[in-house]
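K.L.:
Below is one structure. I have some questions about it.
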Amino acid sequence: MKNKSNRIDERLIETLADGQFHSGQALADALGVSRTAINKHIDNLDALQLDVFRVHGKGYRLAQPLQLLKFDLIREQLREHQAPIYLKRVTSSTHDDLKQLLVDAPGKTLTPGTCVLAEMQTRGRGRRGRTWLSPFGSNLYASFYWPLPEGLNSALGLSVAVGLRLAQILEQAGIQGVSVKWPNDVYIQGAKVAGVLVELEGEPTGEGHALIGIGLNLSMPERFTQNIEQPYTDVQKHLDAPLNRHQWAVTLIRGVTDVLEQFRRHGLADLVTEWRRLDHFYNQPVNILLGQHVQQGVGQGIDNYGALLVRQGSGLKRYFGGEISIRARQ
Ligand code: BTN
């Protein structure tokens, strides 16, 4: 159960989310705590790296208004989604939450499509042991549970399918210059906007499941961006009107569960051509980095198993996951 202090932090954030000034006394009255307690809770918001201004005689306000996700709104709009959805304010990683749900679940299994969303991750994980920058109330962080009754081998290509669907969602929002980079990075005009992290648990040919984590940059606060190692972007930069985070959360959950179902039924068969249309490297000269080794070739899209296809000399070579990177060759 949430402790009382966390609950007050949450109510404080909800009150300050409008970006307006609130006096210490008004906050204390609204939350039923003392002025001193408000100071302490404001310090907690600093620890969450929320940018709180304090102005003498005026009180407190957030540097930017926040559009907090409201669980009831999301659930209401996703009536067709049979599986549970959880919304956390602050968590280490939504992947950790899914793992904990599995440990606690009777029979150690969850409803397919069970989803954990969070407003902030303190230890968000990216692929290859990288961290995934997950500041509060700005982007989307979600993990989905998906069973693999035919074993982990049946997950080949699954992350490709999810990355592709994210790209389609961005295009449907009217964004230009969307592309995918194998295996599952999503780009807008050459800058990364979303990533997919798939963890598999179980046996290669026995039963297992996938945990599918998605990070989608909706509006990354500028002050967090200095340490991002690669060109990055966010959705808001490519839209004229302010985006609606709820709508994006709903579209993401709907799109991902839909593509997981499509993948379960048909694998990648229907998606290979669509991948080619959005593939950043299709017919482009590329370097394939395999640890210390570099192979040169020309990108040729993917096959039905999600393997990367590269023309090298007169042959076509297939590359599977793991520690492979693909780079444009000048
Ligand atoms: C990548 O490196 O491109 C994959 C990034 C995946 C980030 C998401 S955010 C939700 C889920 N929880 C995590 O800790 N990571 C994934």
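K.L.:
Would you pull out the residues with amide H under 5 Å of Leu148's amide H, same chain only if 5 or more places away, H placed 1.01 Å from N?
P.N.:
Answer set, sorted by chain and number: Gly208, His209, Ala210.
K.L.:
Hey, another quick one. Looking at the square roots a ≥ b ≥ c of the eigenvalues of the Cα gyration tensor of the range 19-98, which shape do they give, rounded for a/c under 1.5, prolate if a/b is larger than b/c, or oblate?
P.N.:
prolate
K.L.:
Still on this model: Quick one: length gained pulling Ile228 to Arg311 fully straight, 0.36 nm per residue minus the C-alpha distance?
P.N.:
In short, 26.7 nm is gained.
K.L.:
Can you work out the accessible area per residue across the chain, with the rest of the protein chains kept in place, probe 1.4 Å, in square angstrom?
P.N.:
Solvent-accessible surface per residue comes out at 49 Å².
K.L.:
Then there is this: Put +1 on the Cβ of each Lys and Arg and -1 on the Cβ of each Asp and Glu in the chain; which of Gln295, Leu110, Gly315 then has its Cα farthest toward the positive end of the dipole?
P.N.:
My answer, from the dipole projection, is Gln295.
K.L.:
Give me the percent of the accessible area of the chain that comes from carbon and sulfur atoms, probe 1.4 Å, all protein chains in place.
P.N.:
Roughly 49 percent of what the probe reaches on the chain is carbon or sulfur.
K.L.:
Give me the distance in nm between label points sitting 7 Å out from Cα along the Cα-to-Cβ direction at His266 and Val294, one decimal.
P.N.:
4.0
K.L.:
Over the range 2-62, consider all pairs of different Cα atoms and compute the Kirkwood hydrodynamic radius from their mean reciprocal separation; express it in Å, one decimal.
P.N.:
Taking the inverse mean of 1/r over all distinct Cα pairs, the range 2-62 comes out at 11.3 Å.
K.L.:
Here is a further query. Treating cross-link reach as a plain straight distance, find the lysines whose alpha-carbon is under 23 Å from the alpha-carbon of Lys70, omitting any fewer than eight places away in the same chain.
P.N.:
By straight Cα distance, Lys70 reaches Lys2, Lys4, Lys88.
K.L.:
Quick one: work out Rg over Rh on the C-alpha atoms of the range 281-328, Rh as Kirkwood radius.
P.N.:
Value, to two decimals: 0.92.
K.L.:
With +1 on the Cβ of every Lys and Arg and -1 on the Cβ of every Asp and Glu, and nothing else charged, how large is the dipole of the range 2-62 about its Cα centre, in debye rounded to the nearest 20?
P.N.:
180
K.L.:
Starting from the Cα gyration tensor of the chain, take the square roots of the eigenvalues, sort them a ≥ b ≥ c, and report rounded, prolate or oblate (rounded when a/c is under 1.5, otherwise prolate if a/b is larger than b/c, else oblate).
P.N.:
Cα axes put the chain in the prolate bin.
K.L.:
For the pair Asp303/Asp240, report the inter-label distance in nm, with labels modelled 7 Å from Cα in the Cβ direction.
P.N.:
With each label placed 7 Å out from Cα toward Cβ, I get 4.6 nm.
K.L.:
Further question on the same structure: Evaluate E = 1/(1 + (r/R0)^6) for Glu80 and Glu203, where r is the Cβ-Cβ distance and R0 equals 45 Å; express this FRET efficiency to the nearest 0.05.
P.N.:
Between Glu80 and Glu203 the formula returns 0.90.
K.L.:
Among Gln25, Ile8, Leu68, whose Cα lies farthest out toward the positive end of the dipole of the range 8-110, if unit charges sit on the beta carbon of Lys, Arg (+1) and Asp, Glu (-1)?
P.N.:
Ranked along the dipole, the leading option is Gln25.
K.L.:
Assigning unit charges at the beta carbon (Lys, Arg +1; Asp, Glu -1) and nothing else, what dipole magnitude in debye, to the nearest 20, does the range 14-99 show about its Cα centre?
P.N.:
The dipole of the range 14-99 has a size of about 160 debye.
K.L.:
Excluding residues fewer than 8 places away in the same chain, name every one of the aspartates and glutamates whose C-alpha is closer than 13 Å to that of Lys317.
P.N.:
Straight-distance partners of Lys317: Asp303.
K.L.:
Can you tell which of Val198, Pro221, Asn244 lies farthest toward the positive end of the dipole of the range 71-275, using +1 and -1 charges on the Cβ of basic and acidic side chains (Lys, Arg; Asp, Glu)?
P.N.:
Farthest along the dipole direction, towards plus: Pro221.
K.L.:
Taking only DSSP H segments of four or more residues, each worth -39500 (n - 2.57), what value at 222 nm results for the chain once the sum is divided by all its residues, to the nearest 500 deg cm²/dmol?
P.N.:
When only DSSP H runs of four or more count, the value is -9000 deg cm²/dmol.
K.L.:
Then there's this: How big is the charge dipole of the range 71-275 about its Cα centre, in debye rounded to the nearest 20, if each Lys and Arg gets +1 on its Cβ and each Asp and Glu gets -1 on its Cβ?
P.N.:
It works out to roughly 440 debye.
K.L.:
Take each of the peptides 28-35, 9-16, average the number of other beta-carbon atoms within 10 Å over its residues, and list them starting from the highest.
P.N.:
9-16, 28-35
K.L.:
Based on the mean of other beta carbon atoms within 10 Å per residue, what is the order of 129-139, 48-58, most packed first?
P.N.:
So the order, starting with the most tightly packed, is 129-139, 48-58.
K.L.:
Once amide H atoms are built 1.01 Å from N in the peptide plane, which residues 5 or more positions from Gln20, or in another chain, come under 5 Å H to H?
P.N.:
The list, which skips near neighbours in sequence, is Leu62.
The values are calculated or read from the model by the stated rules, or taken from the named source; none is laboratory data. Keep in mind that this is a model prediction, so the values were computed, not measured. Please note: Cβ atoms are built from the backbone with ideal geometry, for glycine as well, and neighbour counts cover all protein chains shown. To get the accessible areas, we keep the full protein, side chains included, count just its heavy atoms, and leave off ligands, DNA and RNA. Shrake-Rupley method; radii C 1.70, N 1.55, O 1.52, S 1.80 Å.
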